[in-house]
């Protein structure tokens, strides 16, 4: 059911804007973000190359992403096809401006109705501001208290009329998000698809991220809206369960929230552990908790102790409900220790002093040209590295199985991995692609120092499994990765050392920041901050060189 704060025309405009955002977000899977703006015409060859079949469009009725939202907004079903046609247009920029203007136009209601609507939008905006402030400070309890205080204060803000547009923006985003997370059986509703939409689709979140950019709303406020919608949804689900007097020890509202703790046990003996947020059911009556509508799974691939799986990620400032994947500790420790011992060896120190390591990455095309001492000294790493590669491939496939089973709570997932952990992420995406239509699970993927070949791997298929940004972070001086994965370096290229020329993949060079492969572990916070993952159109600044 649609929110009463928006009129019929405004609801239609909001639905149309979401449709346009869905289509644009899908286009950005193959057109690098920021390569051209709304006022620029894409190159003809580029436009032709990325044009999908009608049924492949995210806005097509078969996908089940748009029509449930239009139904929630109480838009006339006769108008749905027109919205879909508009979204499929190859030239959306004129439509976007028109629909944005419609959102801010008040309908012909009487003064009392307009006043009530304005008060409701103001109350919502205050609640969002309070929650966003709490998130920014990292104190959710303070946000809850601020929300309660805001609800008790009367509006004495003389400048509130000037902020009415901002209030309307929050009302639109709140309503659209509520529509996106509503469960709908499309077959029963006669919406042309046998699918049952449930949970928060990653493609919806990417579209809302783009729409928030169009509305000039900071993503932190949208994350606050997500928490408010999540708590409302869980409270409603809990009330429904209680009304049924269910005797089940695990109610539906708890299952809606659950993270992937069960599926993690299947990850070749690994565990999935919460860094923040936790898996406990939130106490709705006590106010807002660390509940999130999106999940981040962080995967280390270079570690010596159990702490090394979690500590590198602790400084990452994000409002995701974060988990770390602890996988195949025995083999990860073995690879990391072998590399560390070799780096400390007299042979390695001598080779580094002679500059042989940089020679490896300087364009040599034949293994016969490599220093014999270098190759023989690295041989003892190979067996452990081979096992590590094999286990990371298996862990990636099993992580895909966890995500397919929805054990992350049917919420959008951000996957971030470095070293062998980046390979786990990539193999997870490959497995999702091979198993069918699984495009709505992963929102973002970040590969850092990835031991993945540039050629001979299904990069295009993996890219399609990521609804939003797909980032490859590399360093051209990562000679450790070059040596351990030298066969691929010489014949197929290596993602951790060079750019991946695949449409829609962002390549970020951190050569000036990273000394070598092992330094990723201590620089993750800085690298992730540099990526601006919460920005739909990031602006990368050159990395500041570090003193050696």
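Coordinate-derived values only; no laboratory data. Here the structure is a predicted model, which is why all the values come from computation and not from measurement. Cβ coordinates were reconstructed from backbone atoms using ideal geometry, including for glycine residues, and neighbour counts include every protein chain displayed.
Quick look at the numbers
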quantity: Per-pair calculated FRET efficiency, R0 = 22 Å: residue 163 and residue 112 via Cβ, rounded to 0.05; calculated: 0.55
quantity: Net length gained if the chain between residue 62 and residue 501 were fully extended (0.36 nm per residue, minus Cα distance); calculated: 154.9 nm
quantity: Extension gain, residue 405 back to residue 386 (0.36 nm per residue minus Cα-Cα distance, nm); calculated: 3.9 nm
quantity: Efficiency of FRET from Cβ geometry, residue 91 and residue 55, R₀ 22 Å, rounded to 0.05; calculated: 0.55
quantity: In nm, spacing of pseudo-spin labels at residue 535 and residue 394 (7 Å Cα→C-beta vector); calculated: 4.2 nm
quantity: Peptide ranges 8-17, 403-412 listed from the most packed, as the mean C-beta count within 10 angstrom indicates; calculated: 8-17, 403-412
quantity: Estimated FRET transfer efficiency when R0 is 56 angstrom, pair residue 306-residue 8 (beta carbons, to 0.05); calculated: 0.50
quantity: Cβ crowding within 10 Å averaged over residues, with 101-107, 24-30 ranked highest first; calculated: 24-30, 101-107
quantity: Residue exposure sequence - 458, 228 - by fewest surrounding Cβ within 10 Å; calculated: 458, 228
quantity: Simple spin-label estimate for residue 330 and residue 235 in nanometres, 7 Å along Cα-Cβ; calculated: 5.0 nm
